[in-house]
Amino acid sequence: MLGIGIDTGGTCTDAVIFDSKSRKVLSWAKTLTTKNDLKIGILEALKGLDNELLYKAEYIALSTTLATNACVEDKGGRAKLVFMGLDPRAVTMMKGTYGLPDISDIYFLDCKIDLAERKETPPDWDKFREDVRRDFREYDSVALVQINPQYNGGAYEIDAEKIIKEETGALCVRGYDLFQEINVQKRGATALLNARLMPLVVDFFDSIETSMKEMGLDLNIYVMKSDGTVMGKDYALRRPVETLLCGPAASVRGAMELTGSGDGFVIDMGGTTSDVALIRDGRPVASEGVRVGQWRTMVKGVDIDTFALGGDTGVLLKDNDIELDSRRVIPISILAHDHPEVMNGLEEIIRKFYSFPLKDGLFLVLVKKPEDMSGYSQKEQQIIRLLEGGPLSYLQLGDRMGISHHFLNVRRLEDEGIIMRSGVTPTDAMHLKGDYTEYSTEAAELGVRYLTMQTRMGRDRIVRKIYDMVIFRLYKNLLHLELRYEMGRDYQEEDKATVEKLAANIMKHYREGEGQDYVAFRTVSKYMLTGVGAPTGIFIGDTAALLETKSRVSEFSKVANAIGAAAGDIITEYTAVIQMSKKGDYYLTGGDVMGVYGSYDRALEDAKELARSKAEERARMQTPEGDLKTEFDVREDFFRLPAGDKVLVKTEVTASVQIII
């Protein structure tokens, strides 16, 4: 079966045609991401694939940054959170922990459920209906979260959804339907975020289907989840929160597909950041709950360590030397390729270098014009208007504004994503080394010449130092990560500083080819490094040498994310929980009603059946096709009394169902 995989990253959009039977990549394409309208870049990537194979494909799988960007940028539809049975004071006490809004923006529906006494006081549904009719019409979606939903299978959430749909027709998210964990506030944050994302993902799928229709494609659509599996479009429309970290998850899945990865680190270096995940015992190490921006969620995902390092990381001047920034800038080679007129500006900078000691970049580029300019100063508005005509160097912009370029204040415009800097980056150094020559090598040459004039370092030394700075940042972050996994926790900042000094010493002697004079320090990792992403293969060999381990990079590593999306399996999970009551019997939760048992073995048997049936039900929401393969994971937690008897704390029974097509 042939499938199409697409990944929309921060810099590039990648597409592949993947044969799921032979596990081979048959065609691939890469284009720049069009952030203002993702479908433009997706269409370009699709058009770059083998046309004959394209129309033989039976499905398309996507990895998108849509949900992640919405969280970071605080965007989304208008959503309302309804807590049922939760005291507002509990939310106030935990303010800021989960990303919940102020209590004035939350609707609290009074009701009570006493698990110990097995008693409940239902909500006043007539009053709730009146409030919905009066106050809820402005919302696109509503998140409904009930305290102790395991008692009645989230019945209050179901009843509230019915009322809202009758009165307003708004989309609803039931917290207990999303996740069965008990933490009501964390479940509330997850449900609210899911509700905010729903209108965005509806628009996203509409644009994808419109694009496919333009090309005459009629395919099943799947989306990568944060845990490295995929879900069908209809399922994703209800659970967009599951895609929060699907980009890094796709890179890990792609790396495993390409290299048959055993245990080791998967390193995905993109344009802006590097993502690192650990494969242990043949599976990615999972996180307890995905955190993005202010949101702390119940979404299960691959444990990803992300740091600022990519092909587009800016190179800054500092004290007659150079250093790596933490921000992404547009590589001067790419800017000149897309805007050839900037070559004149570059040559002007070279001619006037003596009066142009600028440390933050070479050019400024308008990314998006604000719809409302009233919140910006007159000078900021003037900068935006001038950049509408195309990129300008700091020197050109200062001349047109009648001020010295030293007095240009563009920090706020840059922070808000209105403009971006362009300057020398590792991508430009790659052009001069011949490792990557897709764009303007001439512009990269001029950009580096400017750095040589400011630092008095030779061209080759500048290029080598940029490479070494990338290698060292990758090396030290991997070292920090290995130590965190080794200790099972984060360590103190002063200890990190000591480790970095040691790493710098090892790097110095490695590059100079000399041994230490007195004590020979070494860092030896037991984990192999697997590289994905376009720039990774250039730097991973030296990084592995510093860690005294091996590395590997596939020929298709630069499109690994798209491969990961296309190769993802459809797997659904459901967890049933057994706990002991104060009366000494056992209650089973996760179903429509709470089950009570006198026998633990009988409760365990029914928990497996409940988890299996619910997981299979969710699997069939993805597709009616294929056979189902079910596996169980039983985790028992007993407390041993001094006399030797065991008391049950909790048993979690998880059924995992994979669809075999």
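Taking the conditions exactly as written (at pLDDT 95 or above, of a type in the set (D, E, K, R) and within 24 Å of E181 (Cβ to Cβ)), does E157 satisfy them or not? Reasoning before the result, please.
Working: at pLDDT 95 or above: yes; of a type in the set (D, E, K, R): yes; within 24 Å of E181 (Cβ to Cβ): yes.
Yes: the conditions hold for E157.
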Item checked: Among (1) crowded, with 17+ Cβ neighbours inside 10 Å; (2) of a type outside the set (V, I, T); (3) farther than 27 Å from A534 by Cα, the one test that R328 misses -> (3)
Next item on the list: Kindly list, by first and then second residue, each pair from a residue in the stretch 81-107 that is over 23 Å from W125 (Cα atoms) to a residue that is at pLDDT below 90 and small (G, A, S), limited to pairs with Cβ atoms under 8 Å and residues at least 6 apart or on different chains.
Entry: G99/G293
Margin query: Could you check the stretch 48-72 and list, in sequence order, the residues that are over 22 Å from T623 (Cβ atoms), touching a residue at least 24 places away in the same chain (Cβ under 8 Å) and either of a type in the set (S, T, Y) or open to solvent by 100 Å² or more (accessible area, probe 1.4 Å) (or both)?
Written below: T65, T68, V72
Item checked: Residue that is surrounded by the fewest Cβ atoms within 10 Å (Cβ to Cβ), among those in the stretch 120-156 that are of a type outside the set (D, E) and part of a strand (DSSP E or B) -> T121
Margin query: When you scan the stretch 91-102, do you find a residue that is crowded, with 19+ Cβ neighbours inside 10 Å and in contact with an Asp or Glu (Cβ under 6 Å, 6 or more places away or on another chain), even just one?
Written below: no
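Would the stretch 211-224 turn up any residue that is more than 27 Å from Y139 (Cα to Cα), acidic (D, E) and out of contact with any Lys or Arg (no Cβ under 6 Å at 6 or more places or on another chain)? Break it down stepwise before answering.
From the stretch 211-224, those more than 27 Å from Y139 (Cα to Cα) are 211-222, 224; that's our starting set.
If we keep only those that are acidic (D, E) too, we end up with 214, 218.
From what is left, the residues that are out of contact with any Lys or Arg (no Cβ under 6 Å at 6 or more places or on another chain) are 214, 218.
Yes, some residue in the stretch 211-224 is more than 27 Å from Y139 (Cα to Cα), acidic (D, E) and out of contact with any Lys or Arg (no Cβ under 6 Å at 6 or more places or on another chain).
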Check: Limited to the stretch 1-33, what total is found for residues that are among the charged types (D, E, K, R), touching a Phe, Trp or Tyr at 6+ places or on another chain (Cβ under 8 Å) and surrounded by 21 or more Cβ atoms within 10 Å (Cβ to Cβ)?
Finding: 1
Check: β-branched (V, I, T), at pLDDT below 95 and open to solvent by 30 Å² or more (accessible area, probe 1.4 Å), is that true of T498?
Finding: yes
Margin query: Just to confirm my filter: which helices (runs of 4 or more DSSP H) fall fully inside the stretch 484-590 and include at least 2 residues that are within 24 Å of V25 (Cα to Cα)?
Written below: 536-546, 560-567
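Every residue, every condition in (1) within 24 Å of D275 (Cα to Cα); (2) small (G, A, S); (3) out of contact with any Leu (no Cβ under 7 Å at 6 or more places or on another chain), yes or no:
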{"position": "D19", "(1), (2), (3)": "no, no, no"}
{"position": "W28", "(1), (2), (3)": "yes, no, yes"}
{"position": "T31", "(1), (2), (3)": "yes, no, yes"}
{"position": "I40", "(1), (2), (3)": "no, no, yes"}
{"position": "A45", "(1), (2), (3)": "yes, yes, yes"}
{"position": "G96", "(1), (2), (3)": "no, yes, yes"}
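Among what's in the stretch 603-617 and is farther than 30 Å from G232 by Cβ and open to solvent by less than 80 Å² (accessible area, probe 1.4 Å), pick the residue that is farthest from the chain's Cα centre (by Cα). Before you say what the answer is, go through the steps one by one.
Quick first cut of the stretch 603-617, residues farther than 30 Å from G232 by Cβ only: 603-605.
Cutting the leftovers down to open to solvent by less than 80 Å² (accessible area, probe 1.4 Å) gives us 603-604.
Numbers: A603: 38, L604: 36 Å.
Among those that are farther than 30 Å from G232 by Cβ and open to solvent by less than 80 Å² (accessible area, probe 1.4 Å), it is A603.
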Item checked: Sole exception among (1) open to solvent by less than 30 Å² (accessible area, probe 1.4 Å); (2) closer than 25 Å to L62 by Cβ; (3) more than 25 Å from the chain's Cα centre (by Cα) for L197, by number -> (3)
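Looking only at residues that are assigned to a helix (DSSP H, G or I) and hydroxyl-bearing (S, T, Y) in the stretch 161-191, which one is nearest to E138 (Cα to Cα)?
Taking the stretch 161-191 first, the residues assigned to a helix (DSSP H, G or I) are 161-167, 175-178, 184-191.
Remaining after also requiring hydroxyl-bearing (S, T, Y): 176, 190.
Numbers: Y176: 24, T190: 21 Å.
Only one residue tops the list, namely T190.
Evaluate the following for E573: is it farther than 21 Å from E181 by Cα and either open to solvent by 50 Å² or more (accessible area, probe 1.4 Å) or not polar (S, T, N, Q) (or both)?
Details: farther than 21 Å from E181 by Cα: no; either open to solvent by 50 Å² or more (accessible area, probe 1.4 Å) or not polar (S, T, N, Q) (or both): yes.
No: the conditions fail for E573.
I'd like the full set of residues that are under 30 Å from the mean Cα position of the chain (by Cα) and at pLDDT below 90, limited to the stretch 621-658.
Answer for the stretch 621-658, where residues must be under 30 Å from the mean Cα position of the chain (by Cα) and at pLDDT below 90: M621, Q622, T623, P624, E625, G626.
Return yes when L474 is modelled with pLDDT of 95 or more, in contact with a helix residue (DSSP H, G or I) (Cβ under 9 Å, 6 or more places away or on another chain), open to solvent by less than 40 Å² (accessible area, probe 1.4 Å) and over 18 Å from L346 (Cα atoms) and no when it is not.
Judged against the criteria, L474 is a match.
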Check: Hey, among the residues in the stretch 426-461 that are within 19 Å of P340 (Cβ to Cβ) and not in a helix (DSSP H, G or I), which one's least open to solvent (accessible area, probe 1.4 Å)?
Finding: S440
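When only residues in the stretch 587-602 that are in contact with a helix residue (DSSP H, G or I) (Cβ under 6 Å, 6 or more places away or on another chain) and without any contact (Cβ under 8 Å) to a residue 40 or more places away in the chain count, which is most open to solvent (accessible area, probe 1.4 Å)?
In this case the residue turns out to be Y597.
The values are calculated or read from the model by the stated rules, or taken from the named source; none is laboratory data. Every value quoted in this text rests on a predicted model; they were computed, and no experiment measured them. With ideal geometry, Cβ positions are generated from the backbone for all residues, glycine too; neighbour counts draw on all protein chains shown. All accessible areas refer to the heavy atoms of the entire protein, side chains included, with ligands and DNA or RNA removed. Shrake-Rupley method; radii C 1.70, N 1.55, O 1.52, S 1.80 Å.
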